[in-house]
Each structure stands twice: as structure tokens, then as C-alpha cells.
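These notes concern the structure reproduced below.
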Amino acid sequence: MDIQEFYDSIDENYENVSSRMMGNQKLVEKFVRKFLEDPTYKQIKESVEKMDYDEILRATHTMKGIASNLEFTQLQQKSAKAVDMICAGEKETVLPVIDEIEKEYQKVVDAIQKLD
């Protein structure tokens, strides 16, 4: 699968990320592949295990930014929701949203691994 098919497979808009990176398809693919190496997801998981809400906030905020830059809008929106909930003091109810982030993250990772 090529990079455009990758974005189609995760129901995201390749044109938006392509325009952000000046139409450079190789650059888009490079950063998408680097997403697999990013430690943010691991940090989210570890902070949830510790129930460290400050760290959950920091890590989900970081994921929100990364997802936004790569036009992973569904992952970005779920991360933003977690950030908003923690900032609003809704810590006890944020864990189901973290589960949504995990599912979306895994969907993206699975699709990245299918790139040619």
C-alpha cells in the first residue's frame, strides 16, 4: 500500500497532510513511518498504569500535537478530548477515552505496518 492508500485505509485526508508538507509525498511517508518510533503512546500507557494524571495530561497533549501534524484527525480528536477532560477536572472519567486513544493508535500502527 502506498502513502495515499494508507490515509484512505484509516479514513483520513492525505491531501491535507500533503499540502502541509508542500506536496512532498516522500516527506509525508518519512514522518508517518517515524510515528512508529515515537515514545508518546508508551508514555500514555505507563502514566495510566501509575494513575499519574499530570503525566497522562502531558502525554495525551503531546499525542494530540503529533496526530494533528500527521493529519491523524481521529487520534487527534480523541487525544484532545482526554486533555480537555483532565483540564476540566474529570479525571475519574477519562480512562474510557484513553481506551479510545489506544484503539485509534493501534489502527494507525497496523496500517503503517502495511506500507510498501
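The values are calculated or read from the model by the stated rules, or taken from the named source; none is laboratory data. Predicted model, so just to flag it, every value in this text is computed and none were measured. Glycine gets a Cβ as well: all are built from the backbone with ideal geometry, and neighbour counts include every protein chain shown. Heavy atoms of the whole protein, side chains included, go into the accessibility calculation; ligands, DNA and RNA do not. Shrake-Rupley method; radii C 1.70, N 1.55, O 1.52, S 1.80 Å.
Brief remarks on what is shown
- Restricting attention to the stretch 1-17, the residues that are farther than 16 Å from Gln106 by Cα and either open to solvent by less than 10 Å² (accessible area, probe 1.4 Å) or β-branched (Val, Ile, Thr) (or both) add up to 2.
- Looking across the stretch 31-82 at every residue that is hydroxyl-bearing (Ser, Thr, Tyr) and within 21 Å of Tyr14 (Cα to Cα), the one that is surrounded by the most Cβ atoms within 10 Å (Cβ to Cβ) is identified as Ser79.
- Of the criteria (1) open to solvent by 70 Å² or more (accessible area, probe 1.4 Å); (2) touching a Lys or Arg at 6+ places or on another chain (Cβ under 9 Å), which one Val94 fails: (1)
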